[in-house]
Amino acid sequence: MALMHLTIIPLGTGSPSVGDCVADIQAALEKSDYPYKLTDMGTIIEGSSKELLTLAAQLSELPFNTGVQRVVTQISLDDRRDKKVTLGDKILSVSARLSQKNRESR
């Protein structure tokens, strides 16, 4: 499994707000079978790397459907093949390491 961090930025909308675009993308993800998590700076989605890249292309088309003429899509893909990685695993790992460090410093 892979994790993809996706940020889609519509340009030239006449407003600094991108909330409507984000809502459209989240609505599309709700209809999909992909586990995802919205963050303040983008969306993290779990799946196979091939499927995630296809999904990113589909989602980046959504702003064009509303009349936007330019879209910047930023993708970070973490494709780990030595073990299964799911949403939240990295947070749990870091939290465990912090707990260990706190115990060691006492």
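Principal semi-axes of the equivalent ellipsoid, √(5λ) from the alpha carbon gyration tensor of the chain, are 32, 17, 11 Å from largest down.
The modelled label-to-label distance between SER48 and SER95, using points 7 Å beyond Cα along the C-beta direction, is 3.1 nm.
The simple Förster model, with R0 at 25 Å and r as the Cβ-Cβ distance, assigns SER17 and GLU61 a FRET efficiency of 0.80. For the chain, adding -39500 (n - 2.57) for each run of n ≥ 4 DSSP H residues and dividing by the number of residues yields -13000 deg cm²/dmol at 222 nm. Could you tally the net charge around THR86, taking each other residue with its Cβ under 13 Å from the Cβ of THR86, Lys/Arg +1 and Asp/Glu -1? With Lys, Arg at +1 and Asp, Glu at -1, the neighbours total +2.
Considering only LEU11, LEU52, LEU77, the mean-square fluctuation computed in a Gaussian network model of the chain, springs between alpha carbons under 10 angstrom, is largest for LEU11.
Readers should treat all values here as calculations from the given coordinates under stated rules, not as data from a laboratory. These numbers come from a predicted model, not from an experiment. Note that we place each Cβ from the backbone using ideal geometry, even for glycine, and neighbour counts take in every protein chain shown.
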